[in-house]
Amino acid sequence: MAHEIRNRIIRDLMHKPGMGFNELWKKEGDSNKFAYHLKVMEEDGLIEKKDNKYFLAHEGKKQAVFIDGETGKKPENPLVALLLVVFDGDKILLHERLKEPFYGYFGFAGAKMEFGEKILGCAARELKEETNLEADMKIAGLINFTTYNNGKLAYHHVQFVVKCTNPRGTLKKEDREGKYYWVDKEDFMSKKLFPDDPYIFEWLDTGNFFIAEMERFQENDEFKDVKTKNIYWYGPIDNSKNL
């Protein structure tokens, strides 16, 4: 309830800076409790009070980005991440995922983008942290994934595809999130893969930058199908434009 009240205050001040207490309160609930929430938000740097009027402070404005302007609730947002497709000659870096969700599936290495990171900076950091490798990198594509489990939307990922070549360093074969192997393409394709991986191989082989929209379907958390809804091509990958 506390979060709902504070999110509603942020929502109201998003649209109308400079509201007074009664205008914000709207006589909904106990006035003392509402005053307490305002005080806590002011102490936390979310709002500020000037001449008995309330405004969003900088931290409050940052939180407003993640609040629905109509409902005041925090909607679920897509996860922004990277797929790292690492080639060493005819070998490909295979990742065995040993954490939920998708425990036991094989595929490319992955990375979650941290706040403020650049795309290739994130790729380089994660590759080094997870595998102890460095590599030459190109942003090769972008995929918007929606994953349905038993007919309901369960996951939404927006993932940059980064092609990595000329790897350097000694592979760290295991960490808490999974194991890594150098395999040939035939061995790679024989594993229990994420269903989109074969398509990504095909698209990378064209040498062209792509943007794709894909839907993946699960039953009881097991992948059953994948569909490419849209794919757009943008010409040859130019590394100089990716830096």
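Per-structure values
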{"read-out": "Pairs, first not assigned by TED's automatic domain parsing to the domain that holds Asn149 in the range 208-221, second not in a strand (DSSP E or B), C-beta under 9 Å, six or more apart", "value": "none"}
{"read-out": "Residue ID - farthest from Pro78 (Cα to Cα), chosen from residues in the range 198-237 that are in contact with a Leu (Cβ under 9 Å, 6 or more places away or on another chain) and in a strand (DSSP E or B)", "value": "Phe209"}
{"read-out": "Residue list for the range 153-181, restricted to those being aliphatic (A, V, I, L, M), more than 15 Å from Leu84 (Cβ to Cβ) and in contact (Cβ under 8 Å) with a residue 24 or more places away in the chain", "value": "Ala154, Val158"}
{"read-out": "So Tyr36, is it in contact with a Leu (Cβ under 7 Å, 6 or more places away or on another chain), surrounded by 11 or more Cβ atoms within 10 Å (Cβ to Cβ) and more than 22 Å from Phe115 (Cα to Cα)", "value": "no"}
{"read-out": "Any hit, the range 168-179, residues being surrounded by 14 or more Cβ atoms within 10 Å (Cβ to Cβ), among the hydroxyl-bearing types (Ser, Thr, Tyr) and within 27 Å of Lys128 (Cα to Cα)", "value": "no"}
{"read-out": "Hey, Trp182 under 12 Å from Leu93 (Cα atoms) and touching a strand residue (DSSP E or B) at 6+ places or on another chain (Cβ under 8 Å) or not", "value": "yes"}
{"read-out": "Meets criteria (under 19 Å from the mean Cα position of the chain (by Cα) and in the same structural domain as Phe115 (by TED's automatic domain parsing)) for Tyr155", "value": "yes"}
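Quick grid of which residues meet (1) under 25 Å from Gly121 (Cβ atoms); (2) touching a strand residue (DSSP E or B) at 6+ places or on another chain (Cβ under 6 Å); (3) not β-branched (Val, Ile, Thr):
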| residue | (1), (2), (3) |
| --- | --- |
| Ala140 | yes, yes, yes |
| Asn149 | no, yes, yes |
| Lys152 | no, no, yes |
| Lys163 | yes, yes, yes |
| Asp175 | yes, no, yes |
| Asp196 | yes, yes, yes |
| Glu219 | no, no, yes |
| Asp225 | no, yes, yes |
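The values are calculated or read from the model by the stated rules, or taken from the named source; none is laboratory data. Just so we're clear, the structure is a prediction, and the values are computed from it rather than from any experiment. All Cβ positions, glycine included, derive from the backbone under ideal geometry; neighbour counts span all protein chains shown.
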